[in-house]
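Since the structure comes first, as structure tokens, the remarks are kept for the end.
The numbers here are math on the coordinates, done by the rules we state, and not lab data. Here the structure is a predicted model, which means the values were calculated and not measured. Heads up, the Cβs are rebuilt from the backbone with ideal geometry, glycines too, and the neighbour counts pull from every protein chain shown.
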Amino acid sequence: MRATLPIALLCSAAVAAAQTPRRPTIGNAVRPYVAIDTPTVALTHVRVIDGTGAPAKADQTILIENGRITSLGDANQARVPAGAQVLDLTGKSVIPGFVMVHEHLFYPTGPGAYAYLDESFTRLYLAGGVTSMRTGGDMNGFGDLGIKRAIDRGEKPGPWIDATAPYLEGPGLNLPQVHELTDANDARRMVDFWSSMGATSLKAYMHITRDELKAAIDEGHKHGMKTTGHLCSVTYREAASLGIDNLEHGFFAATDFVPDKKPDVCPGQNAGQASVAAVDPSSQAVKSLIAELVKRHVAMTSTLTVFETLAPGRPMPPGLDVLVPELRDLFQQRYDAAQRNPRGAMATLLPKARQLEVDFFRAGGMLLAGTDPTGGGGVIPGFSNQRAVELLVESGLTPLEAIKVATSNGATYLGRTNVGSLAVGKQADLVVIDGDPSARIDDIRKVSMVFKEGVGYDPAKLIASVRGKVGLF
Ligand SMILES: [Zn+2]
């Protein structure tokens, strides 16, 4: 009998904890970037773009209590409790926080060299409106996991992170920090290990075999992990039949159209890209591949931002002034080289691949968005996430469709039903924008505040803290 009372107390405490949403911890390193930290916040007279693709609604009020949206509706009927912090957002819009799925915490600093820039990148992602992200493959192993946990503990500002395990890759990449799989058992072992360490997603790379990929996908599913791929040795059709969940880089990495493609062999990135540049989007081969991907519910991540930096005739990407001067110069040289090569492979590949992404979306495919801050550099976290949405609109999606791809589609893919759209009961992850991105997509750059779990962050302060220093930390 002596044990009864403490157990009863313990149980009621547990029930209370489940009913009252936990307020996020804000540590000393996060505090300087926080603009709003009251339990009850009313965003009044704001245009709501809810992330589902539904039309924007004017003059709404959103009530945030303890990190959740507890009411959302017409401003003139809204109940604003006494003690709420009221922000009059007349003329502004809110969208859900971005849920972006091909992000990285490293940046190219030279041939085969990458700097791990977790500190500056996570601040920039949050400043750009990214409140949830999947790292799209890991070079470092424990780095993404460590930074994810530090953010969750409130020790660093940044988005919620779905941490992907190190690349699942066979011999061929020639990067010493990437493990080379030997067979299917090795793939299973690697998946089990990284799952046990806390990784929650898997990424296959260009030289994996079908056997290894199949083993990784199946083992991952046992652990509740989805597998994505930047493929080459395995075609999109083969990967779909093996049960892959997601394909990276739209159709840029498809080798389905390479003549005489040998099974399990990567014909080289250039051969793959040349074959995609040459396909006829209205051909049976393309239509049947898209239909197969849609039928098997394979998602596809658009990463147009990284390809744009390699193509001629494209504008300089946004946000370069955050880089240290050496990295800015390095990118400028690469950009100039692309401009001097107006008939380079990317000149025909970029428009073709963009059309194929839109065709996939129009066929009912689950299109996701990411930025991939690798390649030749110039893809700056946060800024490029906004650019990714602009590029989807330039490709042919409506602004509402592009916002849906960058928010609720990402959340649906990651199985995070509490974020990605704006509705009563959802976590208060949302972005305040000066203007109306449902009418003018370039307004998406005018982010004035980012809420994550109901805490409002100041993007200007986050960006100022790293300006001119990205490359150092
Ligand atoms: Zn990547």
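Close amide H contacts of LYS203 (hydrogens built in the peptide plane, cut-off under 5 Å, sequence separation of 5 or more or a different chain): ALA165, LEU168, THR228. With the gyration tensor restricted to C-alpha atoms of the stretch 115-154, the semi-axes of the equivalent ellipsoid amount to 16, 12, 10 Å, longest first. Potential lengthening of the chain between GLN177 and ALA285 amounts to 35.1 nm, from the contour at 0.36 nm per residue minus the alpha-carbon distance. Sorted from greatest to least, the principal axis extents spanned by the alpha carbons of the stretch 307-398 come out as 44, 30, 18 Å.
Using the Cβ of LEU368 as centre and a radius below 14 Å, the other residues enclosed give a net charge of -2, where K and R count +1 and D and E count -1. In plain terms, the residue of THR412, THR200 with the fewest other Cβ atoms within 10 Å comes first and the most crowded comes last, giving THR412, THR200.
Residues ARG362, ARG47, ranked from the fewest to the most other C-beta atoms within 10 Å, line up as ARG362, ARG47. Each Cα pair under 8 Å and six or more residues apart adds its separation to the average, and for the stretch 98-414 the resulting relative contact order is 19 percent. Return the subset of LYS148/LYS452; LYS148/LYS203; LYS352/LYS452; LYS222/LYS261; LYS148/LYS446; LYS226/LYS261 for which the Cα-Cα distance in this structure is over 25 Å, preserving the input order. Violating the 25 Å limit, Cα to Cα: LYS352/LYS452; LYS222/LYS261; LYS148/LYS446; LYS226/LYS261. For the stretch 137-157, the residues whose backbone nitrogen is under 14 Å from a point 7 Å from the Cα of LYS469, taken along Cα to Cβ, are 157.
Taking one equal scatterer on every alpha-carbon of the chain, how large is log10 of I(q)/I(0) by Debye at q = 0.10, 0.11, 0.14 1/Å? Those come out to -0.73, -0.88, -1.38, one per q. Taking amide H as placed 1.01 Å from N in the peptide plane, TRP160 has its amide H under 5 Å from the amide H of SER132, MET133, each at least 5 places away in sequence or on another chain. Arranged from fewest to most other beta-carbon atoms within 10 Å of their beta carbon, ILE208, ILE380 become ILE380, ILE208. When you filter the trypsin sites (Lys or Arg not before Pro) in the stretch 104-165 for DSSP loop state and at most 12 other Cβ atoms inside 10 Å of their Cβ, you are left with ARG153. By the Stokes-Einstein formula, at 1.306 mPa s and 10 °C, the stretch 127-245 with its Kirkwood radius over alpha-carbon pairs has D equal to 109 µm²/s.
Applying the Karplus relation 6.51 cos²θ - 1.76 cosθ + 1.60 with θ = phi - 60° to the stretch 300-315 yields 3J(HN,Hα) values of 9, 9, 7, 10, 4, 4, 6, 6, 4, 5, 9, 9, x, x, 9, x Hz, where x marks Gly and Pro. The phi-based Karplus calculation (6.51 cos²θ - 1.76 cosθ + 1.60; θ = phi - 60°) puts the 3J(HN,Hα) values of the stretch 163-174 at 8, 8, 5, x, 3, 8, 8, x, x, x, 7, 6 Hz, whole numbers, x for Gly and Pro.
Here the sum of -39500 (n - 2.57) over DSSP H runs of 4 or more residues, divided by the residues of the chain, equals -10500 deg cm²/dmol at 222 nm, to the nearest 500. The separation of the stretch 132-164 from the stretch 428-466, counted between C-alpha centres, amounts to 21 Å.
Taking the Cβ of GLY137 as the centre, find all other residues whose Cβ is under 11 Å away and add up their charges (Lys, Arg: +1; Asp, Glu: -1). Net local charge, GLY137 excluded: -4. Taking the radius of gyration and the Kirkwood hydrodynamic radius from Cα positions alone, what is the Rg/Rh ratio for the stretch 71-144, to two decimal places? With Rg and the Kirkwood Rh in hand, the quotient comes to 1.20.
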